[in-house]
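One structure is given here, and the rest of the page talks about it.
The values are calculated or read from the model by the stated rules, or taken from the named source; none is laboratory data. If you're wondering where the values come from, they're calculated on a predicted model, not measured in any experiment. Cβ sites come from the backbone with ideal geometry, for glycine too, and all protein chains shown count toward neighbours.
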Amino acid sequence: MRDGRIVILHVLGGLSMGGAESRIMDVWRHMDREKFTFDFLLNEAPGYYEKEALELGSRIYRGPKYKIINAASFKSGMRKLFEEHGDTDIVEGHSTNTAALYLPLAKKAGMVTLAHAHSAGVEPGLSGMFKKWTRRGLSDKTDYMLACSTDAAKAVYGTMDRVRLIPNSEELERFAPTAENLRGGDSLKKELGIEDRFVVGHVGRFHYAKNHPFLLEVFKELLKQRKDALLLLVGDGEELEKVKQKAGELGISENVIFAGMCPDPAPYYQAMDVLVFPSFYEGLPGTIVESQAGGVPALLSDTVTRDVDITELAVYEPLSSGVKSWAEKALALAEKYPRSERQSLMHCSEKMAAAGFDIKKQVLELQDFYGSVLREDK
């Protein structure tokens, strides 16, 4: 403990604006900082949230990055870090690809260990095969297992036994379709010069899992029926330039806005007529939590976990249906739930809260959980 507070050390790559990182920071902002503190063990360059984390009282450490050939030095470096920071009570490993290596070292240093699964799949090829290989036996090498969804748990641990589900929660009131929030969407449309456009949206990093190429194909098909359509893409990532190139090849670049990373995505949702989300896999997408809370209809692939199937606004569709079917169903969904009547969908935000996606309630449960695992360890 440190100054009477329980210290939880979160192990992950960096503190960028990715999904898992954003969820961890959402929790940290709401924690009782007189009783708990979050520290971070990272191996990437300083990211977007580091300044805020330090302001909230976190300590940030830099550790080694695993590269297969450096297995011995990786373990040696991690062992040293855990031994040097003996005031850490709990180590929560979000980097599950290497957690089977470093969590046993934390346990030997006297810390309670948690593995936390955030993804329900891996990219194809050698990289994906390697991730699956390094996760082997993780369930036997950690004291507790957490996951954002049943799909993530099964993908990472191979079981639901002993797994505690921690769904990605939000400040739902930020997204609810109140008059004020709807005005925020109107203001954004005016700012972007798209007041008279039918807006198809997507929020997520540019990564293989998000399936942006398919999304572009769907939008091109949709443009045939709605000449006023515009695709609003919120996010950043390693495949951004590839997606921009694809948009050019399809001849739709003039109808696509790449908005970049947005600290507050709420106005972007309220600017959308429909959200299209054709992911190959997801742990539990915060985007679909936020869109439903905001009253925004969303068409998503049937490979996305059903743990987020809470309101009538989330409609699942197989990727195998093809781009024409996706375009038609996206248009039909927008017509069924028009943006002009969005305030009537306030009940969807309430449903999301009742289903466990409210950050305030989840933080209280997490605080109880952190306290209980320490008591059990004694």
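Listed here are the residues, each with its yes/no results for (1) touching a Phe, Trp or Tyr at 6+ places or on another chain (Cβ under 9 Å); (2) small (Gly, Ala, Ser).
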residue	(1), (2)
Asp3	no, no
Ser22	yes, yes
Glu44	no, no
Gly47	no, yes
Glu55	no, no
Ile68	yes, no
Leu81	yes, no
Review point. Only one of (1) within 18 Å of the chain's Cα centre (by Cα); (2) crowded, with 16+ Cβ neighbours inside 10 Å; (3) within 30 Å of Leu230 (Cα to Cα); (4) of a type outside the set (Gly, Ala, Ser) is not met by Glu123, so which one is it?
Key: (2)
Practice item. Kindly state which helices (runs of 4 or more DSSP H) lie completely within the stretch 107-193 and contain at least 1 residues that are over 22 Å from Ala271 (Cβ atoms). Key: 126-134, 150-157
Practice item. Evaluate the following for Tyr49: is it among the aromatic types (Phe, Trp, Tyr), within 30 Å of Ser279 (Cα to Cα) and assigned by TED's automatic domain parsing to the domain that holds Gly371? Key: yes
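I'm trying to understand the selection: among the residues of the stretch 277-290, which are assigned to a loop (DSSP other than H, G, I, E, B) and not charged (D, E, K, R)? Break it down into steps so the answer makes sense when it comes.
To start, the set of residues in the stretch 277-290 that are assigned to a loop (DSSP other than H, G, I, E, B) comprises 278-285.
Pro278, Ser279, Phe280, Tyr281, Gly283, Leu284, Pro285 - these are the residues of the stretch 277-290 that are assigned to a loop (DSSP other than H, G, I, E, B) and not charged (D, E, K, R).
Check Gly125, Gly121, Gly93, Gly110 and return the single one that is out of contact with any His (no Cβ under 7 Å at 6 or more places or on another chain) and within 21 Å of Glu21 (Cβ to Cβ). Before you say what the answer is, go through the steps one by one.
Values: Gly125 fails: within 21 Å of Glu21 (Cβ to Cβ); Gly93 fails: out of contact with any His (no Cβ under 7 Å at 6 or more places or on another chain); Gly110 fails: within 21 Å of Glu21 (Cβ to Cβ).
So the residue among Gly125, Gly121, Gly93, Gly110 that is out of contact with any His (no Cβ under 7 Å at 6 or more places or on another chain) and within 21 Å of Glu21 (Cβ to Cβ) is Gly121.
Matching residues to (1) closer than 19 Å to Ser149 by Cα; (2) in contact (Cβ under 8 Å) with a residue 12 or more places away in the chain; (3) outside the structural domain of Ser187 (by TED's automatic domain parsing):
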| site | (1), (2), (3) |
| --- | --- |
| Gly248 | no, no, no |
| Val256 | no, yes, no |
| Phe277 | yes, yes, no |
| Val289 | yes, yes, no |
| Gly295 | no, yes, no |
| Asp302 | yes, yes, no |
| Asp309 | yes, no, no |
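Can you give me the number of residues within the stretch 291-304 that are assigned to a loop (DSSP other than H, G, I, E, B) and either in contact with a strand residue (DSSP E or B) (Cβ under 8 Å, 6 or more places away or on another chain) or surrounded by 23 or more Cβ atoms within 10 Å (Cβ to Cβ) (or both)?
Quick first cut of the stretch 291-304, residues assigned to a loop (DSSP other than H, G, I, E, B) only: 294-297, 302-304.
From the residues that got through so far, the ones that are either in contact with a strand residue (DSSP E or B) (Cβ under 8 Å, 6 or more places away or on another chain) or surrounded by 23 or more Cβ atoms within 10 Å (Cβ to Cβ) (or both) too are 294-297, 302, 304.
Of the residues in the stretch 291-304, 6 are assigned to a loop (DSSP other than H, G, I, E, B) and either in contact with a strand residue (DSSP E or B) (Cβ under 8 Å, 6 or more places away or on another chain) or surrounded by 23 or more Cβ atoms within 10 Å (Cβ to Cβ) (or both).
Being buried (at least 18 other Cβ atoms within 10 Å of the Cβ), of a type in the set (Gly, Ala, Ser), at pLDDT 95 or above and touching a helix residue (DSSP H, G or I) at 6+ places or on another chain (Cβ under 9 Å), is that true of even one residue in the stretch 189-202?
First, the residues of the stretch 189-202 that are buried (at least 18 other Cβ atoms within 10 Å of the Cβ): 189, 197-202.
Keeping just the survivors that are of a type in the set (Gly, Ala, Ser) gives 201.
Filter once more, so that each one left must be at pLDDT 95 or above: 201.
Among the residues that remain, those that are also touching a helix residue (DSSP H, G or I) at 6+ places or on another chain (Cβ under 9 Å) are: 201.
Yes, the stretch 189-202 contains a residue that is buried (at least 18 other Cβ atoms within 10 Å of the Cβ), of a type in the set (Gly, Ala, Ser), at pLDDT 95 or above and touching a helix residue (DSSP H, G or I) at 6+ places or on another chain (Cβ under 9 Å).
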**Study point:** Checking Thr98 against (1) over 15 Å from Leu41 (Cβ atoms); (2) in contact with a helix residue (DSSP H, G or I) (Cβ under 7 Å, 6 or more places away or on another chain), the condition it does not meet
**Key:** (1)
Check your understanding: When residues of the stretch 140-185 are filtered for being free of Cβ contacts under 8 Å to residues at least 24 places away in the same chain and farther than 28 Å from Ala209 by Cβ, how many remain?
Key -> 2
Exercise for review: Within the stretch 214-234, identify whether any single residue is more than 26 Å from the chain's Cα centre (by Cα) and of a type in the set (Gly, Ala, Ser), and answer yes or no.
Suggested key: yes
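Yes/no per residue for (1) among the aliphatic types (A, V, I, L, M); (2) assigned by TED's automatic domain parsing to the domain that holds Asp196:
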{"residue": "Gly322", "(1), (2)": "no, yes"}
{"residue": "Ala332", "(1), (2)": "yes, yes"}
{"residue": "His347", "(1), (2)": "no, yes"}
{"residue": "Leu364", "(1), (2)": "yes, no"}
{"residue": "Phe369", "(1), (2)": "no, no"}
Check your understanding: What tally of residues in the stretch 294-324 results from selecting those that are within 23 Å of Ala354 (Cα to Cα), touching a Lys or Arg at 6+ places or on another chain (Cβ under 8 Å) and among the aliphatic types (A, V, I, L, M)?
Key -> 4
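Of the residues Thr113, Thr98, Thr178, Thr142, only one is in the same structural domain as Gln270 (by TED's automatic domain parsing) and under 28 Å from Arg29 (Cβ atoms); which? Before you say what the answer is, go through the steps one by one.
Details: Thr113 fails: in the same structural domain as Gln270 (by TED's automatic domain parsing); Thr98 fails: in the same structural domain as Gln270 (by TED's automatic domain parsing); Thr142 fails: in the same structural domain as Gln270 (by TED's automatic domain parsing).
Just one listed residue meets the conditions, Thr178.
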**Study point:** Every pair of residues 6+ apart whose Cβ atoms lie under 9 Å, when the first sits in the stretch 213-235 and is touching a residue at least 40 places away in the same chain (Cβ under 8 Å) while the second is of a type in the set (S, T, N, Q)
**Key:** Phe214/Ser301; Phe219/Asn255; Lys220/Asn255
Point to revise | Filter result for Lys107 (closer than 16 Å to Met1 by Cα and surrounded by 14 or more Cβ atoms within 10 Å (Cβ to Cβ)) | key: yes
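Could you run through the stretch 256-275 and say how many residues are closer than 18 Å to Leu172 by Cα, in a loop (DSSP other than H, G, I, E, B) and among the hydrophobic types (A, V, I, L, M, F, W, C)?
Let us first name the residues in the stretch 256-275 that are closer than 18 Å to Leu172 by Cα, namely 262-272, 275.
Add one more test, that the residue is in a loop (DSSP other than H, G, I, E, B), and what stays is 262-265, 272.
Right, trim to among the hydrophobic types (A, V, I, L, M, F, W, C) and you get 262, 272.
Residues flagged as closer than 18 Å to Leu172 by Cα, in a loop (DSSP other than H, G, I, E, B) and among the hydrophobic types (A, V, I, L, M, F, W, C) within the stretch 256-275 amount to 2.
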Check your understanding: So which helices (runs of 4 or more DSSP H) are wholly in the stretch 1-104 and hold at least 1 residues that are more than 18 Å from the chain's Cα centre (by Cα)?
Key -> 50-55, 71-84
